[in-house]
Amino acid sequence: RLFPAIMIWGRGLALSNVKEPSKLIWTGQGPNPVALMRSSWSDPKAIYVGFKAGSPSVNHGHMDIGSFVMDAMGQRWSMDFGMQEYESLESKGIKLWGKEQGSQRWDVFRYNNLAHSTLTIDGQYQKVDGYAKIDGFTDSPAFLSAFSDLTSVYKGQINKLSRGVAIVNKSYVVIRDEMETSENSKVLRWNMLTPAQVEINGKGQAVLSQNGQKMMLKVLEPKNVTLKTWTTQSSKEYDAPNPNTLFVGFEMELPPNAKQNITVVLVPESNQIPGKKDIKPLNLWI
């Protein structure tokens with residue numbers, strides 16, 4: 001719908017005169033904060049990451065707080081389904097417009113956190129009245145990053161939870177989660193939605209492949225997690241099909257009254273996988 005405006009405003013603009021932006025990261029706050037970063041504006045194999053904060057309560061919102069998309073080598077490795085057409089749901093009697101925590105809207109497969117590249121605790125949905133902003137970012141080409149305190153989106157499920165996403169040395173992506181658990185043990189699911197083929201080839205390691213390119217997914221901490229895949233096909237007849245996609249990730253028990261860190265890296269096949277000591281705590285990212 002914006003294309004006519006582009007034609008008007010861009011009239012007479014010579015593309016040969018358009019210069020690359022000077023920054024490799026952009027962050028926006030507002031009701032639905034995001035951070036967008038890339039290792040280059042001109043390299044077709046560059047790494048790109050989009051990181052989302054915000055709240056499920058915004059208009060047309062999903063429970064996708066903390067989720068990320070990631071491109072490298074001209075392929076998308078972590079993706080987002082986007083919306084399901086409303087008519088396909090309303091015609092089946094689904095009540096889409098309630099924003100309460102118990103609204104039927106959140107049972108639509110594509111709309112809750114279980115179907116996004118984010119975290120789920122004890123199989124529960126994110127909190128509709130929660131809100132997470134971009135709490136900090138760095139714009140050094142050697143370390144592009146953004147992080148967010150997600151605690152309010154998981155209120156009652158965990159005492160504290162923060163997530164940071166970074167592009168390091170223009171060569172790999174790190175996703176780091178830091179949390180403090182409540183008095184009860186929990187089961188946490190770390191999830192990533194991908195269109196790639198997934199081969200799990202060791203403890204905490206998998207190879208993602210598509211169109212002749214490969215990406216390594218490695219869990220640096222905690223040790224000894226077991227990676228697995230889940231189907232992206234819903235059992236509910238009103239949910240849209242999601243062909244040629246998979247969830248990859250792991251589940252782990254969070255002990256009570258404890259601190260837990262999770263560090264996952266995504267590394268193009270030609271680059272070296274970093275070690276745990278190469279990744280700093282979130283409070284040292286700035």
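The values are calculated or read from the model by the stated rules, or taken from the named source; none is laboratory data. Remember, predicted model here, so these are calculated numbers, not experimental data. All Cβ positions, glycine included, derive from the backbone under ideal geometry; neighbour counts span all protein chains shown. Note: accessible area is taken over every heavy atom of the protein model, side chains too, but ligands, DNA and RNA are not part of it. Shrake-Rupley method; radii C 1.70, N 1.55, O 1.52, S 1.80 Å.
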Alpha carbon centroid spacing (whole Å) that separates region 82-120 from region 254-286: 32
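Taking the Cβ of residue 133 as the center, what net charge do the other residues with Cβ under 13 Å away carry, scoring Lys and Arg +1 and Asp and Glu -1?
0
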Cα shape, region 241-286, gyration tensor, a/c 1.5 rule: oblate
Net charge dipole size for the chain [Lys, Arg +1 and Asp, Glu -1 on Cβ; Debye, nearest 20]: 500
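Hey, what's the chain come to in accessible area per residue, 1.4 Å probe, Å²? Mind showing how you got there, number by number?
On the way: 14150 Å² over 286 residues.
Per-residue accessible area for the chain comes out at 49 Å².
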Diffusion constant of the chain at 4 °C, which comes from Stokes-Einstein with the Kirkwood Cα-pair radius and 1.567 mPa s, µm²/s: 65
The chain: most fluctuating residue of 26, 77, 106 per GNM, C-alpha cutoff 10 Å: 26
Sulfur and carbon atoms: percent of accessible area, the chain [1.4 Å]: 52
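If you take every residue apart from residue 215 with its C-beta less than 14 Å away from the C-beta of residue 215, what net charge results, scoring Lys and Arg +1 and Asp and Glu -1? Before the final figure, lay out the partial values.
On the way: positive: 45, 76, 214, 218; negative: 71, 199, 269.
Local charge sum for residue 215: +1.
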Contact order relative to length of region 207-286, as percent, for alpha carbon pairs under 8 angstrom and 6 or more apart: 37
Part-to-part distance (alpha-carbon centres) for region 1-68 and region 219-249, which is given in Å: 27
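Give me the percent relative contact order of the chain, please, defined on Cα pairs under 8 angstrom at least 6 residues apart.
Here the relative contact order equals 16 percent.
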Among 220, 273, 142 - extreme Cα towards positive end, dipole of the chain, charges at beta-carbon: 142
Spatially proximal lysines relative to residue 92 (Cα-Cα < 19 Å; intrachain offsets below 8 disregarded): 236
Relative contact order [Cα under 8 Å, 6+ residues apart], region 157-248, whole percent: 22
Within region 65-143: Cβ-based charge dipole about Cα centre, in debye rounded to nearest 20 (Lys, Arg +1; Asp, Glu -1): 140
Charge context of residue 203, other residues only, Cβ under 11 angstrom, K/R +1, D/E -1: +2
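Of the cross-linked pairs 160/280; 23/45; 218/277; 133/155; 52/277; 19/133, which ones have a Cα-Cα span greater than 22 Å in the structure shown? Numbers along the way, then the final one.
Working: 160/280 18 Å; 23/45 18 Å; 218/277 14 Å; 133/155 15 Å; 52/277 26 Å; 19/133 30 Å.
Cα-Cα > 22 Å for 52/277; 19/133; rest within.
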Cα shape, region 95-204, gyration tensor, a/c 1.5 rule: prolate
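How big is the charge dipole of region 97-201 about its Cα centre, in debye rounded to the nearest 20, if each Lys and Arg gets +1 on its Cβ and each Asp and Glu gets -1 on its Cβ?
Numbers: 12 positive and 12 negative charges, 44 e Å.
Here region 97-201 has a charge dipole of around 200 debye.
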